[in-house]
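These notes are about the structure you will find just below.
The values are calculated or read from the model by the stated rules, or taken from the named source; none is laboratory data. Computed from a predicted structure; not experimentally measured. Reconstructed Cβ throughout: ideal geometry from the backbone, glycine too, with neighbour counts over all protein chains shown. In case anyone asks, the SASA skips ligands and DNA or RNA and just uses the protein heavy atoms, side chains included. Shrake-Rupley method; radii C 1.70, N 1.55, O 1.52, S 1.80 Å.
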Amino acid sequence: MRKTLTLIVLFLLGIVFHMKAQSQTKRWNYAIKGGYTAANMIGENVAGSTFLNGNTPDDFYANHPASSGIRHGFNIGLGVVRNFTDAYALRLEANYSQKGSRTALESYWNGEESLPAAGNAIWKQNYVSIPLMGQVSLGRWKTFFISAGMFTGFLINAEETGDIKLSGTPYSYTNDRGANEFEVGALAGIGYQRRLLGKRKIQVELRGNWSSISYGRNLDPNPDRYYNQSVDLTFGYLF
């Protein structure tokens, strides 16, 4: 992650230095965007399945919710774009993003014995994310672009939900589950944009986001290492 952040800083600095040799015309765009998010966890302590703890739906919880399974969600946000030239820009956004993961529940531990179970638990983590990115537009008409940068994230709420069957009986539950109150990480994306009349544009972008903070970092005596990652497919309107 440190190498990734270093490369992104160099990328942003390269854009800034190159922009000084380009047109200094001040041009701004404002953006409305939204789309689909696929989120899960990465790291050495990530699993694909776990067992269920608790005695009733009021206290059910997945023993290890950090999973490579996908949580499906959405993102929506606002942004401002500083266009230095047709090719180079800086972007600042404020986005609502749904992160977390989905893990399979294969058994149930009631405190005395292990019983068969089937279903999934979803670790829902909802954030306000503030990304800062450099953007380079490519091609004769500048219709394709790449972007990279860093983000900070602030937790809105977190919970665990589950839909399971225990001995053939279905149960659903929603219980509290902690998450990082604050995140920082790296992001990178590719996209396509089409200019409309005046400064207006439409964009579609595929973007990856990788957190550098593990929620299990303070576990004693053996910290867990698992990190949020997500992929956003977004559609935007710039004006």
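Charge tally around Tyr237: other residues with Cβ under 10 Å, Lys/Arg +1 each, Asp/Glu -1 each, net +3. Distance between Cα centroids, region 189-239 to region 110-175: provide it in whole Å. That distance is 12 Å.
From largest to smallest, the equivalent ellipsoid semi-axes obtained for the chain from the alpha-carbon gyration tensor read 42, 18, 13 Å.
Each Cα pair under 8 Å and six or more residues apart adds its sequence gap; the mean of these over the residue count of the chain is a relative contact order of 21 percent. Per residue, the chain exposes 52 Å² of solvent-accessible protein surface, assessed with a 1.4 angstrom probe and all protein chains in place. The GNM of the chain, with springs linking C-alpha atoms under 10 angstrom apart, assigns the highest mean-square fluctuation among Arg217, Arg140, Arg177 to Arg140. Taking the chain as the region of interest, the number of lysine pairs whose Cα atoms are within less than 15 Å, with members eight or more places apart or on different chains, is 5. Mean silhouette area of region 111-176, derived from the convex hull of its C-alpha atoms and averaged over all directions, reads 8.4 nm².
As an equivalent ellipsoid, region 47-112 spans semi-axes of 43, 12, 7 angstrom, where each value is the square root of five times an eigenvalue of the C-alpha gyration tensor, largest first. Here region 115-239 has 60 percent of its accessible surface on carbon and sulfur atoms, given a 1.4 Å probe and all protein chains in place. Top mean-square fluctuation among Ser137, Ser172, Ser68, Gaussian network model of the chain, C-alpha springs under 10 Å? Fluctuation is largest for Ser172.
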